[in-house]
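K.L.:
Here it is: the structure, laid out below.
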Amino acid sequence: MPGLNTSAVPPAYLGVWQRTLLTTTGGTHDTSTRVYWLQTERLFADLRIPLPAPDKPEALAAQAGFAGLTEITGDICQWHRAIDFQPPNGGEDIGRMHFVDSEKVLEDGLDGSYHEVWERLPESLGRNRGTWLLGADGRQGCLLLAGDCFLFAAGRRLPLPRAPSLVALFDSDNLELLDFELSFGRHQGGVTPWRIELSTLPARIGARLLPAKADPDHPGLLHDAHWLNSLGATPPTDGWQACELPLFPAEEVTP
């Protein structure tokens, strides 16, 4: 993958991080948006749902989330987004990281425009792995596991044009713009079904991603077509294929 460092991230980053604070130089002070960032050795997924929970199409367009590959150099962390709920806007997702301790990390924009506080969920320690997914219909996605937590992502069939936001593109006659699933939940070590707690698709909340008998510790789980092909609200007709790394737009991989 030209132009990208695909080395494993430092172990300190592994797990699920919940954002507890966002402040910006523009006056934003946000402690209510539910934000989860799940990090594996290379892959990541991030889900951001504002409160009150959106329930109308126009409000759903304001959600955010993305997934792809994480690259870390020193204290600089860059999240390369292979799929994104919001349209591309030409910006980079890159910040300077400072670990207060093993369970709390501060992120600051390189230009000082924002500050975020992240705290690791204790139940996200332990098992840590994931797989990138490709669908015959052109979609990409991933299933990532960290401790007792999971985050599943399934992108759109067609990329969005560059725009400042999905709200700016939103058309009530084209609800396919909202057809992008990011679902976070816990699997209780396989004791109970993999229950979805938060999702960009409200109808998925409370549903199961996988049945209880899908063992999160089984080495073949993330490559077993029996399980992979059932993932998501609308699985690809020919199922998902597991692969090692995401496919990025040409502009992202150009050195």
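K.L.:
Quick one: in the range 9-58, of everything that is of a type in the set (A, V, I, L, M) and touching a helix residue (DSSP H, G or I) at 6+ places or on another chain (Cβ under 9 Å), which residue is farthest from residue 83 (Cα to Cα)? So that I can check it myself, show each step before the final result.
P.N.:
Residues of the range 9-58 that are of a type in the set (A, V, I, L, M), as a first pass: 9, 12, 14, 16, 21-22, 35, 38, 43, 45, 47, 49, 51, 53.
Next, from what is left, pick out any that are touching a helix residue (DSSP H, G or I) at 6+ places or on another chain (Cβ under 9 Å): 14, 16, 38, 53.
Working: 14: 20, 16: 19, 38: 15, 53: 23 Å.
So, considering only residues that are of a type in the set (A, V, I, L, M) and touching a helix residue (DSSP H, G or I) at 6+ places or on another chain (Cβ under 9 Å), the one farthest from residue 83 (Cα to Cα) is 53.
K.L.:
What about residue 172, is it of a type in the set (S, T, N, Q) and touching an Asp or Glu at 6+ places or on another chain (Cβ under 8 Å)? Before the answer, list the steps.
P.N.:
Details: of a type in the set (S, T, N, Q): yes; touching an Asp or Glu at 6+ places or on another chain (Cβ under 8 Å): yes.
Yes: the conditions hold for residue 172.
K.L.:
Being under 16 Å from residue 146 (Cα atoms), of a type outside the set (Val, Ile, Thr) and in contact (Cβ under 8 Å) with a residue 24 or more places away in the chain narrows it down to one residue among 209, 201; which is it?
P.N.:
Working: 201 fails: under 16 Å from residue 146 (Cα atoms).
One residue alone meets the criteria, 209.
K.L.:
Inside the range 184-195, can you point out the residues that are open to solvent by less than 40 Å² (accessible area, probe 1.4 Å) and either hydroxyl-bearing (Ser, Thr, Tyr) or in contact with a Phe, Trp or Tyr (Cβ under 7 Å, 6 or more places away or on another chain) (or both)?
P.N.:
184, 185, 187, 194
K.L.:
Got a number for residues in the range 227-255 being out of contact with any Lys or Arg (no Cβ under 9 Å at 6 or more places or on another chain), exposed (fewer than 13 other Cβ atoms within 10 Å of the Cβ) and closer than 30 Å to residue 7 by Cα?
P.N.:
Count: 5.
K.L.:
Identify, please: which residue in the range 213-226 is open to solvent by less than 30 Å² (accessible area, probe 1.4 Å) and in contact (Cβ under 8 Å) with a residue 40 or more places away in the chain and is, among those, farthest from the chain's Cα centre (by Cα)?
P.N.:
Residue satisfying both the conditions and the ranking: 216.
K.L.:
Something else: Within the range 128-139, does at least one residue satisfy the condition of being hydroxyl-bearing (Ser, Thr, Tyr) and crowded, with 21+ Cβ neighbours inside 10 Å?
P.N.:
As a first pass, look at the range 128-139 and keep what is hydroxyl-bearing (Ser, Thr, Tyr): 131.
Pick out the ones that are also crowded, with 21+ Cβ neighbours inside 10 Å and you get none.
Checking the range 128-139: not a single residue is hydroxyl-bearing (Ser, Thr, Tyr) and crowded, with 21+ Cβ neighbours inside 10 Å.
K.L.:
Six or more apart or on different chains, Cβ under 8 Å: which pairs go from a residue in the range 121-149 that's within 21 Å of residue 234 (Cβ to Cβ) and aromatic (Phe, Trp, Tyr) to one that's open to solvent by 30 Å² or more (accessible area, probe 1.4 Å) and in a loop (DSSP other than H, G, I, E, B)? Could you list them?
P.N.:
Listed pairs, sorted by first residue: 132/244; 132/245.
K.L.:
Given the options 177, 210, name the one that is assigned to a loop (DSSP other than H, G, I, E, B) and surrounded by 18 or more Cβ atoms within 10 Å (Cβ to Cβ).
P.N.:
Details: 177 fails: assigned to a loop (DSSP other than H, G, I, E, B).
210 is the lone residue from the list that is assigned to a loop (DSSP other than H, G, I, E, B) and surrounded by 18 or more Cβ atoms within 10 Å (Cβ to Cβ).
K.L.:
Across the range 140-174, which residue is surrounded by the most Cβ atoms within 10 Å (Cβ to Cβ) among those that are among the basic types (Lys, Arg) and within 23 Å of residue 54 (Cβ to Cβ)? If you could, list the steps in order and put the result at the bottom.
P.N.:
We begin by selecting, within the range 140-174, every residue among the basic types (Lys, Arg); these are 156-157, 162.
Going one step further and asking which of them are within 23 Å of residue 54 (Cβ to Cβ), we end up with 156-157.
Values: 156: 19, 157: 12.
This residue is 156.
K.L.:
All but one of (1) surrounded by fewer than 13 Cβ atoms within 10 Å (Cβ to Cβ); (2) touching a strand residue (DSSP E or B) at 6+ places or on another chain (Cβ under 8 Å); (3) on the phi > 0 side of the Ramachandran plot hold for residue 90, so report the exception by its number.
P.N.:
Just one mismatch for residue 90, condition (2).
K.L.:
To continue, here is another question. Could you check how many residues of the range 6-56 are more than 26 Å from residue 101 (Cβ to Cβ) and loosely packed, with under 14 Cβ neighbours inside 10 Å?
P.N.:
Residues of the range 6-56 more than 26 Å from residue 101 (Cβ to Cβ): 6, 25-27, 49-56.
Now drop any that are not loosely packed, with under 14 Cβ neighbours inside 10 Å, which leaves 6, 25-27, 51-53, 55-56.
Within the range 6-56, residues that are more than 26 Å from residue 101 (Cβ to Cβ) and loosely packed, with under 14 Cβ neighbours inside 10 Å number 9.
K.L.:
Here is a further query. For the range 99-127, which positions are part of a loop (DSSP other than H, G, I, E, B) and either modelled with pLDDT under 95 or open to solvent by 60 Å² or more (accessible area, probe 1.4 Å) (or both)?
P.N.:
Quick first cut of the range 99-127, residues part of a loop (DSSP other than H, G, I, E, B) only: 102-103, 110-113, 121, 125-127.
Across the range 99-127, the qualifying residues are 102, 103, 110, 111, 125, 126, 127.
The values are calculated or read from the model by the stated rules, or taken from the named source; none is laboratory data. The structure presented is a predicted model; accordingly, all values stated were derived computationally and were not measured. Using ideal geometry, Cβ is built from the backbone for each residue, glycine included, and neighbour counts are taken over all protein chains shown. Each accessible area value is taken on the protein alone, full model and side chains, heavy atoms only, with ligands, DNA and RNA left out. Shrake-Rupley method; radii C 1.70, N 1.55, O 1.52, S 1.80 Å.
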